[in-house]
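Asks: Structure incoming, see below.
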């Protein structure tokens, strides 16, 4: 392969990677989806729809056995606290967690509660859940009314307060926005909508889902000629690097299923490299600049080389050259990598 071609391909992959590489994270991603009480048939239906969309989207970005869904009598406080305790024991330091809360909330001026059968989950419960998960780079989205009231407990006071260990989204600005929200259904919709994919990389990041939902909420109230009763908030760093759904998962699955021989190995290798790149990007702040750039450059060059080999194999008229091997001397992301 000509050097100029490698560099050109590498440049293209570099641009794509900086826009968030589409892949499963090398470190495991665990997703927990909680559907709370609807109270009325209309809300019950909306919450079920959102849960199912999120479940389907989650299965495009991580293994099915790492997606947990709770609704009805399974979504009690005791069951959920047990789940997250067990999850914390299962997770490695480099793993990540994403938590979806779909439902209604309440705020009495002091305590925020997410409404589920029996005793509700409180803001303090949510803080404890997040803080006891190993590692960092976790995510929680709360789509309920008054959900903004949990922010002070989770990230501190002030409009710019955040916690470096996780990203948090609330559907409302504070506990005074008590109306049932529109944000949740639009956030779920973003996970399967190409219009939400602003960088056209076939993935939906936290930031893209948030921006899409926020825009749709604004349009909803404008169309209804009403003042908005909700103002979603996003706190924390890394929302652009944390993917929640892959739009082309079925195409990738079909491509792998129809492949044979060396092409299967190459497709799996590309997927693994993309996973390593995404994991490296998410952990960017945990590496010094020189280490990050060295590892990043190597992974990009490997990815470019493998893509060239895939093209040659697909055309069935070009040699498959040996893949570039990783330099063991280069630093690995904190928490290490998990061999699939």
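Asks: Could you please find all residues in the range 277-305 being closer than 19 Å to residue 244 by Cβ and either part of a helix (DSSP H, G or I) or modelled with pLDDT of 85 or more (or both)?
Replies: Correct list: 277, 278, 279, 280, 281, 282, 284.
Asks: While we're here: Please tell me if residue 234 is within 30 Å of residue 177 (Cβ to Cβ), surrounded by fewer than 19 Cβ atoms within 10 Å (Cβ to Cβ) and touching a strand residue (DSSP E or B) at 6+ places or on another chain (Cβ under 8 Å).
Replies: Yes.
Asks: Yes or no: residue 109 under 28 Å from residue 42 (Cα atoms) and surrounded by fewer than 15 Cβ atoms within 10 Å (Cβ to Cβ)?
Replies: It is true that residue 109 is under 28 Å from residue 42 (Cα atoms) and surrounded by fewer than 15 Cβ atoms within 10 Å (Cβ to Cβ).
Asks: Taking residue 310 as the residue in question, decide whether it is assigned to a loop (DSSP other than H, G, I, E, B) and either at pLDDT below 75 or touching a helix residue (DSSP H, G or I) at 6+ places or on another chain (Cβ under 6 Å) (or both).
Replies: When the stated conditions are applied, residue 310 does not pass them.
Asks: In the range 57-73, what residues are in a helix (DSSP H, G or I) and over 17 Å from residue 27 (Cα atoms)?
Replies: 57, 72, 73
Asks: Only one residue in 20, 15 is over 20 Å from residue 99 (Cβ atoms), in contact with a strand residue (DSSP E or B) (Cβ under 8 Å, 6 or more places away or on another chain) and at pLDDT below 50, so which one is that?
Replies: 20
Asks: Got a sec? Which of 45, 55 is within 16 Å of the chain's Cα centre (by Cα) and either modelled with pLDDT of 95 or more or closer than 20 Å to residue 270 by Cβ (or both)?
Replies: The conditions single out 55.
Asks: Here is a follow-up. Looking at 166, 139, can you tell me which residue is surrounded by 23 or more Cβ atoms within 10 Å (Cβ to Cβ) and in contact (Cβ under 8 Å) with a residue 12 or more places away in the chain?
Replies: 166
Asks: Hey, residue 86 hits all of (1) farther than 25 Å from residue 207 by Cβ; (2) surrounded by 15 or more Cβ atoms within 10 Å (Cβ to Cβ) but one; which does it fall short on?
Replies: Answer for residue 86: the failing condition is (2).
Asks: Condition check: more than 21 Å from residue 144 (Cβ to Cβ) and either assigned by TED's automatic domain parsing to the domain that holds residue 266 or surrounded by 22 or more Cβ atoms within 10 Å (Cβ to Cβ) (or both). Does residue 196 satisfy that?
Replies: yes
Asks: While we're looking at this one, here's another question. May I ask you to say which residue of 246, 284, 295 is touching a residue at least 12 places away in the same chain (Cβ under 8 Å), buried (at least 20 other Cβ atoms within 10 Å of the Cβ) and in contact with a helix residue (DSSP H, G or I) (Cβ under 7 Å, 6 or more places away or on another chain)?
Replies: It is 295.
Asks: Can you tell me which of (1) touching a strand residue (DSSP E or B) at 6+ places or on another chain (Cβ under 7 Å); (2) more than 16 Å from residue 185 (Cβ to Cβ); (3) surrounded by fewer than 20 Cβ atoms within 10 Å (Cβ to Cβ) is the one residue 75 doesn't meet?
Replies: With respect to (1) touching a strand residue (DSSP E or B) at 6+ places or on another chain (Cβ under 7 Å); (2) more than 16 Å from residue 185 (Cβ to Cβ); (3) surrounded by fewer than 20 Cβ atoms within 10 Å (Cβ to Cβ), residue 75 is out only on (3).
The values are calculated or read from the model by the stated rules, or taken from the named source; none is laboratory data. Values in this document were obtained by computation on a predicted structure and should not be read as measured data. All Cβ positions, even for glycine, are placed from backbone atoms using ideal geometry, and neighbour counts span all protein chains on display.
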